[in-house]
Amino acid sequence: MKKIIVLLLIFVAGYINAQEYIYTSSSVCPIDSTVYQFVEKMPEYKGGKTLLYKYLANQIGIPEGAEIYQYFPKIYIQYIVEKGGEISNVQIIKSSGYDKLDNEALRIVKSMPAWFPGSSQGQPVRVKYTLPIAFKFLK
């Protein structure tokens, strides 16, 4: 019984010390750098999805030579919406198979204005977000 109590006290003391380190350390706290995939309130483009797609449509430039094709598969771009709403860590997770279109999609997403950040328990958090972008050229 004494061993169990001693082990429990050691565990509690270690937990309290770890909490003090998290809140008093000048280094980046691991909790602050957590990236969530799903949270209570997901990040949102300012103005909603309608304005997001309008923004994308207005910003997309047709790379030279791309207009000869009628259809490309969707490009899936993944990024992190930071606590302040900024976009970071932009990457392609599924390519269209056409480098010029992929690069154009990356350029547009990297230049997006800040979003409303996601939140968990009322606090802003970093959230991973995936955005499909489809190019279709009408003749």
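Can you work out which of the residues in the range 75-119 that are at pLDDT 95 or above and among the acidic types (Asp, Glu) is farthest from ILE60 (Cα to Cα)? The residue in question is GLU82.
Residues of the range 74-92 that are closer than 9 Å to ARG126 by Cα, surrounded by 14 or more Cβ atoms within 10 Å (Cβ to Cβ) and of a type outside the set (A, V, I, L, M): GLU82, LYS83, GLY85. Evaluating ASP32 against the criteria (1) open to solvent by less than 60 Å² (accessible area, probe 1.4 Å); (2) acidic (Asp, Glu); (3) modelled with pLDDT under 85 leaves one unmet condition, (1).
The values are calculated or read from the model by the stated rules, or taken from the named source; none is laboratory data. Just so we're clear, the structure is a prediction, and the values are computed from it rather than from any experiment. Here the Cβ is made from the backbone with ideal geometry for all residues, glycine too, and neighbour counts use every protein chain on show. Areas reflect the complete protein model, heavy atoms only, side chains present, ligands, DNA and RNA absent. Shrake-Rupley method; radii C 1.70, N 1.55, O 1.52, S 1.80 Å.
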